[in-house]
1. Let's test the formula: R0 of 22 Å, r as the Cβ-Cβ distance of Tyr40 and Tyr12. What FRET efficiency results, to the nearest 0.05?
2. In the range 16-73, what chymotrypsin sites (Phe, Trp or Tyr not before Pro) fall in a loop by DSSP, with at most 10 other Cβ atoms inside 10 Å?
Amino acid sequence: MVSKMQTHLFSYRHDGKHWELGIKAENADDARRRIAALTYASYDGILVAKIPAVLGPFSLLAVWIRNVAASLLPRFGSGRHD
């Protein structure tokens with residue numbers, strides 16, 4: 001049986017402003033449980049790109065180029081002369 005995940009919407013206030021958040025879940029109860037689990041979430045960083053998986057080989061090439069660039073750039077142009 002294939003389950004259809006839907007985006008369930010939540011809203012909250014922070015620093016005097018209104019914010020919205022979408023959580024993918026199977027139903028409203030699942031969405032509420034996922035929100036409750038955020039108490040135990042850890043920070044993983046900033047999203048820098050979204051590459052659709054339907055691009056197939058192109059997405060693999062893009063990731064490979066990004067990884068090569070990330071591994072080379074710290075070595076060049078850092079301005080440090082040790």
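Coordinate-derived values only; no laboratory data. Since the structure is predicted, the reported quantities are computational estimates derived from the model, not experimental observations. When we count neighbours, we look across all protein chains shown, and the Cβ atoms used for this are built from the backbone with ideal geometry, even at glycine.
1. For Tyr40 and Tyr12, the calculated efficiency is 0.80.
2. Of the chymotrypsin sites (Phe, Trp or Tyr not before Pro), the ones in loops of the range 16-73 whose Cβ has at most 10 other Cβ atoms within 10 Å are Tyr43.
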